[in-house]
Each structure stands twice: as structure tokens, then as C-alpha cells.
Amino acid sequence: MNLTSAKNKIEDWFFQCYRMVVANSEKNKATVLNFHRVNHDDGGMDVDEFRRKMMFLKSHFNVISLPEMMQLITEKILPPLSVVITVDDGYEDSYSVITPILDELNIKGAFFITTIGIEQGLLWNDKIFNAIHRTSKTTIEGVLNRDQSIATKEQRKLAYQELHLAYKFMSLVEREESIAQLISILDVDVSDNVFLSKNKIAAIKSAGMTIGSHTHQHPILTMENDDDALQEIIKSQKILESITNNNIQYFAYPNGKFGRDFNNNHKEMLTTLGISCALATDWGCFTEDSDVLAIPRYTPWDKDIARFGIRLCHHFNKHKAQGHE
């Protein structure tokens, strides 16, 4: 037995032991996992990794739906090691890749859709990515008050990361103007068709998945005035209700950090619109003491399956959900 094989066996054994301890000690608690795209050329998760992780979760954890979690927590009978699968944004692979894998394993996930993508075929970040990676120019001139070389693949990657971060925390008006300026400077067509269509959203719903809102244009809600933030939520909710013929009761905050990206004003908006639960990206487990309008989410990104399981067990064991006053 070589060193790598021995190490893997030890990690597998440790996971099984840790899992048993956590299953017997952590009661009425769930972890909501958060995913985005699968098989995209951004260095993220590929199809095989996603499938292996879903099979692993199905075998070793209690994978339940978001509505089930909300019901079982009120009855105080959440099974040990409860896990919920959520997918944000609404890219086409939610239909062609993620839903078939979940359906095959009888896992009911929740998909949160940024509805402008249905109209445009892409989101604001895709426009930045396409502009930088499709242009024949080797310099971005005058953006963020300086010139930036994009002559190499690595420089383009770094430029995208920098602009993505800068534009993310702009208001929608500022972001749209900045992206339009970037496209003009780079003289490039950024159009694409990488998003879900209405029919594909309806098909995901028909497969037993939950559909929720992720706003219309994916703003940082705290960067918008209250009227504009409310309209962002309402528009997305109405579009999705017209597609699914159901009330939209679930919401995921863009970016999702309480205090920085959303606040109590936005939680109150959701309540007036009939949203029964909303998901953040602050780390923690969901318990009976959690704020249902700021449910924490977490995902261990280890590619190694045993380490993925160990980190998830550690999360159950360590993190307590925090309410927001």
C-alpha cells in the first residue's frame, strides 16, 4: 500500500467515526449547501465532482428539500445530518446538468433565479467575462482610473476578478454604465445564451424542485434605495410566478452577507411580499432559533470526498445559527 492509499483509508475511517459522533450529538439542525454553476470554464466544479458529491451526500447524510426543512424544524423532528441543496443564479446547466443528477438520486433541490438572465441570456458578470476574454485588444484603457494589460491569459483572469469585485458593489445604474463603458473600450460583442429559458424553469419545477427568487438584476440590495430594492424583489417574484403558476415563497439574497449586502429593511420587504424564508450566505447551521429570513448557508469546497465529508461534519459540530436583531 502506497502512502496516498494509506492516507485515503485513514481519512475515510476518520470520516465514518466523525459522522457517527455528529449524528448522535447534533439534533434538530440542518446545513443548507450552496452551489452555482457546474462544468463552466472558470475552474470551478465539473460534472463528475458534482455527481460524486451528490451521491456521497445521499449515502451518508439526510438530504431533504427546503420546504421539508422548514416544516420539520417547526415540528422539532429534523433528522440528524440534514442537508439541503440550493443552486443560485439560474444558468442553463441547472436544467441540463444539475437537475438530471438530482432527479436520478431523488434529491429535491431549490433553484434561485436572477430573472433578467431569462431576457438577456446572461448576467452582468458574464458581460465582463466575455468582454475581457473575447476582445482582440491587449489593454483596458482608462477603467478604474488606470490602464491594465490583458495580453496574457493570466492577466485577463486577474482583470476579470478585479473588475467583477469593483462592479459588484456599485448601484445598478453605476454598474450598467461601467459595463457599457468597458464593452465600448474593448469593442467587443458580449452577447451569450447561457441562461435558463422560461420552459426550462418550468421543467425544473415539474421535476419536483423548488423555485425561488434571487432578484431581477442581482444588485447588492444595500446599494439601492428602498424603493428600487423592493421593485427588484417584486419583479423577479412576479416573473417566476407567471412561469411556474405558483406563489414564490422562497428568496436568496444576492451575495448574501447580513449587514453588508442586506439588512432588516429588506427582510421586512420580503415579509410583506409573502416570502416565508430567505437564504443568506453567512456561515452556520439552521436550527429552531434561526432567523427564517436570514438562513445561513455553507459549502465545503474540498474536491476529495472524504475531506468534503469531514469538513461538513465539522460544520455541524461547530457552527451555531445566529439570529439577526
Looking at Lys108, is it among the basic types (Lys, Arg) and within 20 Å of the chain's Cα centre (by Cα)?
-> yes
Please state which of the following conditions Thr281 fails to meet, knowing it meets all the rest: (1) at pLDDT 95 or above; (2) in contact with an Asp or Glu (Cβ under 7 Å, 6 or more places away or on another chain); (3) of a type in the set (S, T, N, Q).
-> (2)
Got at least one residue in segment 24-32 being closer than 21 Å to Pro254 by Cα, in contact (Cβ under 8 Å) with a residue 12 or more places away in the chain and not in a helix (DSSP H, G or I)?
-> yes
Would it be correct to say that Gln181 is over 30 Å from Val143 (Cα atoms) and not in a loop (DSSP other than H, G, I, E, B)?
-> no
Using beta carbons and a limit of 7 Å, which pairs, at least six apart or on different chains, have the first residue in segment 121-133 and surrounded by fewer than 20 Cβ atoms within 10 Å (Cβ to Cβ) and the second one of a type in the set (Gly, Ala, Ser)?
-> Gly121/Ser191
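Can you tell me which residue among Val190, Val194 is under 14 Å from Phe129 (Cα atoms), touching a residue at least 40 places away in the same chain (Cβ under 8 Å) and buried (at least 18 other Cβ atoms within 10 Å of the Cβ)? Talk me through it step by step, then tell me what you get.
Numbers: Val194 fails: buried (at least 18 other Cβ atoms within 10 Å of the Cβ).
Result of the check over Val190, Val194: Val190.
To keep it simple, each residue is scored yes or no on (1) in contact with a helix residue (DSSP H, G or I) (Cβ under 7 Å, 6 or more places away or on another chain); (2) more than 20 Å from Ile248 (Cβ to Cβ); (3) modelled with pLDDT of 95 or more.
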{"position": "Asn39", "(1), (2), (3)": "yes, yes, no"}
{"position": "Met45", "(1), (2), (3)": "no, yes, no"}
{"position": "Met54", "(1), (2), (3)": "yes, yes, yes"}
{"position": "Ser59", "(1), (2), (3)": "no, yes, yes"}
{"position": "Asn62", "(1), (2), (3)": "no, yes, yes"}
{"position": "Tyr91", "(1), (2), (3)": "no, no, yes"}
{"position": "Trp124", "(1), (2), (3)": "yes, yes, yes"}
{"position": "Thr138", "(1), (2), (3)": "no, yes, yes"}
Of all residues in segment 147-187, count the ones that are buried (at least 19 other Cβ atoms within 10 Å of the Cβ) and on the phi > 0 side of the Ramachandran plot.
-> 0
Expected output for segment 256-267 (first residue assigned by TED's automatic domain parsing to the domain that holds Leu230, partner loosely packed, with under 15 Cβ neighbours inside 10 Å and of a type in the set (Ser, Thr, Tyr), Cβ below 7 Å, 6+ apart or cross-chain) is none
Write out, first by first residue and then by second, each pair whose Cβ atoms fall under 7 Å of each other, whose residues are 6+ apart or on separate chains, and whose first residue, in segment 93-107, is surrounded by fewer than 16 Cβ atoms within 10 Å (Cβ to Cβ) while the second is outside any helix (DSSP H, G or I).
-> Asp103/Ala207
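The rows are residues; the columns are (1) buried (at least 19 other Cβ atoms within 10 Å of the Cβ); (2) under 19 Å from the mean Cα position of the chain (by Cα).
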| site | (1), (2) |
| --- | --- |
| His218 | yes, yes |
| Ile239 | yes, no |
| Ala252 | yes, yes |
| Arg260 | no, yes |
Regarding Ala23, is this residue in contact with a Ser or Thr (Cβ under 7 Å, 6 or more places away or on another chain) and farther than 20 Å from Leu196 by Cβ?
-> no
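The values are calculated or read from the model by the stated rules, or taken from the named source; none is laboratory data. Since the model is a prediction, treat every value here as computed from it, not as a measurement. All Cβ positions, glycine included, derive from the backbone under ideal geometry; neighbour counts span all protein chains shown.
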